[in-house]
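Please read the structure below before turning to the comments.
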Amino acid sequence: MTGRTVGGVVHDNEPAGGLGDGVLGGLERRNAIDAVRLRIGMAISLGMLQPGERLPDQEEVARGLSVSPITARRALTSLAEDGVLVRRRGRNGGTFVADRPSAEALRQLVVPAAETVEVHSLIDRRLLMECALAHFAALRATAEHVQHLDGLTHRMAEAQSWSAYHQADDEFHRSVAEAAAVGSSATEYLKVLEQLYGYFIPYPIDQLHVSNHDHIGLVRALAARDCETAVQVSHQHVDRLHRTMYVGLLEAHRAGDSTWSA
């Protein structure tokens, strides 16, 4: 059986076997377990998750990657079997990046270059839509909207894991779309946002906290009814995805950029 598809990834009711099948075969062949394996593996290869680093608990991993708990459990178990992760019991137990993650397993967990074109297309669509939403939100956001958004920036600033941050970030952008009050146009934006979240990989929390500065600037612009600044901040925020989302990091690596860390 197959379930709903988001960003080319099949969610829910995915087969339990064949966890490595189709990882390099294109979006349409990758199930949800494969996608989680890929996203965590790439985060390790790109230096976003370090050897010995503890992952959030299984439920948080599921929420942070927008998958079901059973999908997260199966993917983590598979990565542990492959020598990418280790799972420890006891008071200080949990799931950790292996001290020496299997290089062979990580080599298989790479998005093909052709697939990054699709991701860049999604980012471009998000850029157009998000700038428009910021403009209308600056015109229409109520005091309650601004207060809620401000509270979400505080949640992100206090987040101690990429999972907690991502959950608040998701709610933030959905709330901006609600404040813009543009009807079905917001629905189209949310579809693009959901597709992009299908490619989200764990990032160091310090890097995510820097990204939150854009959210804070946007809330200030909305409170001041400053449409121009709201659009500028949104443009800056989404444009950064081209450089810092994994597609930009992969392209730097393929070009031999020494800033890429493995």
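The numbers here are math on the coordinates, done by the rules we state, and not lab data. Quantities reported herein were computed from a predicted structural model and do not represent experimental measurements. As a convention, Cβ positions derive from the backbone with ideal geometry for all residues, glycine included, and neighbour counts pool all protein chains shown.
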TODO: Taking 7 Å along the Cα-to-C-beta vector as the label spot, tell me the I70-S102 distance in nanometres, rounded to one decimal.
DONE: 2.5 nm
TODO: Search the structure for amide H atoms under 5 Å from the amide H of G94, placed 1.01 Å from N in the peptide plane, and list their residues when 5 or more places away or on another chain.
DONE: R88, R89
Task: Loop-located trypsin sites (Lys or Arg not before Pro) in the range 157-221, at most 12 other Cβ atoms within 10 Å (DSSP) - done: none
Open item on the list: Test of understanding: extend the Cα→C-beta vector of C227 to 7 Å, then name every residue of the range 124-142 with backbone N under 14 Å from that spot.
Closed with: 131-141
Open item on the list: Under 5 Å between amide hydrogens, which residues at least 5 positions from S161 or on another chain qualify, with H placed 1.01 Å from N in the peptide plane?
Closed with: none
Open item on the list: Could you work out how much longer the chain between N92 and S121 gets when fully extended? Use 0.36 nm per residue separation minus the Cα distance between them, nm to one decimal.
Closed with: 6.2 nm
Open item on the list: Among 155-163, 134-142, how do they line up by average Cβ neighbours within 10 Å per residue, starting with the highest?
Closed with: 134-142, 155-163
